[in-house]
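The values are calculated or read from the model by the stated rules, or taken from the named source; none is laboratory data. Please read these numbers as outputs of a predicted model, since none were measured by experiment. For neighbour counting, all protein chains shown are included, and Cβ atoms are generated from backbone atoms with ideal geometry for every residue, glycine included. Surface accessibility is based on the protein's heavy atoms, side chains included, excluding ligands, DNA and RNA. Shrake-Rupley method; radii C 1.70, N 1.55, O 1.52, S 1.80 Å.
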Amino acid sequence: MTADTTSTLEDYLDPECDPETRVASLLLALSLDEKLSLCAGQGFWKTKSVERLGIKPFRLTDGPRGIGWHSSGKRCTAFPSGIAQAASWDPELLEQFGEALGQEARAVGGGTVLGPAINIARTPLNGRTFEYLSEDPVLNSELVVPIVKGIQRQGVAACVKHFAVNNQETDRMRVDARVCERALQEIYLPAFRAAVEEGDAWSIMAAYNAVNGVAACENKDLLVTRLREQWGFRGFVVSDWFAVRRTTSSAACVEGGLSLEMPGRGSKYRYKNLKESYTQDQFTEQDIDDVLRGLLMAMVLVGHLDPERVRGKRNTPDHQALACTMAESGMTLLKNEGDLLPLDPGRCRKIAALGPRLKKRNCLPLWGGSAGVWPPHEITPWMGLQNENQGRFEWVSNPKDADVVLLFVGLSHRPGLDSEVKDKSSLSLPAKQEKLITDTLKTNPNTVIVLLNGSPIAMPWVNDVPAILECWYPGMEGGTAIARTLFGDNNPSGKLPVTFPKTLQDSPAHVSARTFPGDGQTVHYDEELFVGYRHFDKYDIEPLFPFGHGLSYSKFAYDNLVLSQESMSSDEELTISLTVTNVSDVAGAEVVQLYVASSQVSEDRPVQALKGFRKVWLEAGATQMVTITVPASSLHIFDPDLNQWMIQNGEHTARLGSSSRDIRLQKTFTILEADASLEKAV
Ligand code: BGC
């Protein structure tokens with residue numbers, strides 16, 4: 001008997017009892033054999049039941065853009081993919097998305113959503129970039145927390161994945177990511193930490209890869225020391241599917257802090273194996289209690305043990321409308337020379353719409369891997385153009401006869417493009433599409449490139465086209481959102497959550513095979529902190545499109561920058577305010593971005609880093625005061641020599657702008673001298 005003995009055997013059944021007492025009671029009630037049996041799944045998508053105690057199988061369902069048919073057997077709302085969600089830079093909207101996702105999970109009997117997926121976009125070739133959010137830890141953190149909160153508010157556990165440093169698909173089951181402590185602390189871990197500390201995530205998925213030599217599923221440093229002891233995680237750690245295969249032993253996983261191995265069949269954590277290791281004294285019942293406690297906690301928190309769990313709804317008109325709003329909010333206008341967009345029927349009535357992505361569906365079962373969702377319908381771009389036209393434009397089939405050509409190109413979820421399991425082999429669009437673009441431009445230079453893809457691509461034709469709209473993978477209502485954006489019924493307000501490099505060589509992970517895809521199966525993260533724009537800034541490389549970039553049909557003026565104080569001590573916070581005015585005659589939204597640069601120029605520190613942002617909606621001509629608060633603690637930096645967080649004393653510049661390379665206002669402030677070392681540390 002290893003559990004807290006103040007609770008009774010029946011407490012776990014009582015919804016009125018607090019969760020800790022219920023979990024302690026469950027640990028008392030379960031026999032050792034029952035505990036061991038709960039550590040490995042039953043088949044692919046659920047845990048085993050314990051009929052004696054009325055514990056039903058606990059179901060886990062993919063994934064980060066909607067509930068996957070492969071894991072639920074049901075067709076559900078397909079929301080825009082992760083990178084499209086992030087392009088909205090809209091935490092409130094993503095909280096609504098989390099709620100809708102939680103609802104749909106409940107509708108299929110799911111207790112856990114296997115998402116959000118938040119690995120850092122280290123290389124533009126990662127096949128799963130479309131599924132993830134960003135290259136920046138602050139944007140990543142600000143967006144993951146509301147998604148987690150939204151899902152869990154619906155009584156479903158969010159399973160934040162893939163913990164940690166899972167940044168490529170090449171050799172994903174075998175790869176060992178060698179990354180320094182500073183990059184872990186400042187780049188790769190902050191969003192996981194925020195998901196736990198601020199979002200109280202009830203589940204974390206341990207990744208396929210190893211981190212600094214130890215497989216994530218048996219990585220005590222990650223799963224116990226950081227996650228549970230330092231961040232206060234109270235949920236369960238589930239392995240990525242089949243990830244436990246590469247670990248050394250079931251005992252190492254128990255010691256490493258793994259709660260649940262998925263799927264069950266052939267698993268190291270299967271009852272027989274665990275019992276054998278237990279009998280050989282490789283771990284104690286207390287150790288099993290320690291890994292299982294979080295799973296029982298999640299069951300309690302989602303109401304899995306309660307008599308009546310309210311069922312959710314899926315495919316509601318509200319969820320589909322939200323999918324459309326999210327797609328619209330993520331539309332990222334990369335270029336718009338001569339204000340060609342939105343299409344104006346007065347200027348250009350005849351339109352040719354063509355290209356391989358015009359009529360293609362992106363929302364199909366397992367399409368792209370585990371993030372695939374099969375919705376009841378999907379509005380393709382072509383359908384959207386027809387539905388939203390309202391007689392404004394005339395369609396012509398030959399680009400020669402058109403006033404404007406809309407050319408739909410991009411990638412797809414085929415393996416080797418934007419898809420799980422395999423990375424992309426190139427930054428370019430498929431050769432046939434490159435040729436189509438060149439040929440079309442020869443016929444009609446007034447060609448708008450409409451992109452459907454989930455990762456950065458090279459654009460050798462960028463200077464030859466007047467307009468480029470990045471639509472990402474916009475989900476089941478995407479065609480409507482695209483048409484409404486092209487026709488001006490939606491004003492694009494998306495901003496790039498990743499840098500688009502001109503060439504692969506410009507990108508920090510592509511210095512040598514050592515840094516990607518790896519030297520043997522070891523990938524060296526030699527770029528350390530210089531991921532994404534941090535690298536482009538440091539080496540003064542001009543990107544194709546910078547982090548944070550995205551145009552609007554409106555124009556915004558930034559004025560009146562005021563800092564609440566010129567200097568602050570390390571326990572204070574700075575309030576930055578400014579006014580933003582929509583100086584156009586079209587209503588629209590702007591994402592005001594705050595970057596902070598330290599005046600102590602140092603080779604081994606980024607030139608600037610995102611520290612906050614606000615998305616504001618402004619009617620034509622309207623002005624709004626925008627405030628962003630920066631606690632001095634958010635400017636701490638990790639000192640690799642002392643192995644602890646430090647206050648960054650001295651002068652800093654608050655830089656406010658419309659992208660990382662379009663800074664409109666700036667002002668300096670000082671963090672007052674103090675003992676720079678912090679107890680906070682690791
Ligand atoms: C993926 C996970 C996913 C799991 C279950 C794995 O291949 O990496 O993200 O949740 O499968 O489908």
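Points to keep in mind about this one:
- When both bridge partners sit in the range 542-682, DSSP labels roughly 95% of those beta bridges antiparallel.
- Here the range 1-73 and the range 301-373 have alpha carbon centers that stand 35 Å from each other.
- Simple rule: put +1 on each Lys or Arg Cβ and -1 on each Asp or Glu Cβ in the chain, find the dipole, and look at THR123, GLY384, ALA207; the Cα lying farthest toward the positive end is GLY384.
- Semi-axis lengths (Å, descending) of the ellipsoid that matches the C-alpha gyration tensor of the range 556-671: 30, 14, 11
- According to the calculation over all Cα-Cα pairs in the range 455-516, the P(r) per 5 Å bin from zero is 3, 14, 19, 19, 18, 12, 8, 5, 2, 0 %.
- Scaled radius of gyration (Cα, divided by 2.2 N^0.38 Å) that the range 1-112 gives: 1.36
- For the peptides 413-425, 270-282, the ranking by mean Cβ contacts within 10 Å, running from highest to lowest, is 413-425, 270-282.
- Protection proxy ranking for 520-526, 182-188, 618-624, 252-258, using the average of other Cβ atoms within 10 Å per residue and placing the highest first: 252-258, 182-188, 520-526, 618-624.
- Student exercise, the chain dipole from Lys, Arg, Asp, Glu Cβ charges, in Debye to nearest 20: 2820 debye
- Taking the range 556-671 and dividing mean pair separation by its residue count, relative contact order in percent (alpha carbons under 8 Å, at least six apart): 31 percent
- Accessible-area composition of the range 207-352, carbon plus sulfur, in percent [1.4 Å probe]: 47 percent
- Heavy-atom surface of the range 22-136, accessible at 1.4 Å and reported per residue (Å²): 21 Å²
- Inter-probe distance in nm under a simple model that places probes 7 Å from Cα toward Cβ, at LYS442 and ASP559: 5.1 nm
- The packing ranking, built from the mean of other Cβ atoms within 10 Å per residue, places the peptides 302-314, 41-53, 480-492 in the order 480-492, 41-53, 302-314, highest first.
- Accessible area in square angstrom per residue, the range 556-671, 1.4 angstrom probe: 43 Å²
- Separation in nanometres of the label points that stand 7 Å from Cα toward Cβ, at ARG347 and GLU198: 4.0 nm
- Where both bridge residues fall in the chain, DSSP classifies roughly 60% of the beta bridges as antiparallel.
- Summary value for the chain: 14 percent relative contact order, contacts being C-alpha pairs under 8 angstrom separated by 6+ residues.
- With respect to the chain, whose longest principal axis is taken over its alpha-carbon atoms, helix 137-153 is tilted by about 60°.
- Selection from ASN453, TYR271, GLN505 lying farthest towards where the dipole of the chain points positive, charges on Cβ: ASN453
- Apportionment of accessible area to carbon and sulfur, the range 429-529, percent (1.4 Å): 51 percent
- Lys, Arg +1 and Asp, Glu -1 on Cβ, resulting dipole of the range 556-671 about Cα centre, debye, nearest 20: 280 debye
- Computed over the alpha carbons of the chain, Rg followed by Dmax gives 25.3, 81 Å.
- Accessible surface of the range 556-671 [probe 1.4 Å, protein heavy atoms]: carbon and sulfur percent: 46 percent
- Listed residues LEU295, PRO19, LEU407: farthest to the positive end of the dipole of the chain (Cβ charges): LEU407
- Using the Cα coordinates of the range 266-329, the gyration tensor eigenvalues translate into equivalent-ellipsoid semi-axes of 42, 16, 11 Å, sorted from longest to shortest.
- Relative contact order computed over the range 183-284 (Cα-Cα under 8 Å; 6+ residues apart), in percent: 25 percent
- Candidate lysines for bridging to LYS502, where Cα separation is under 23 Å - those fewer than 8 sequence places away on the same chain excluded: LYS335, LYS422, LYS424, LYS432, LYS435, LYS442, LYS538
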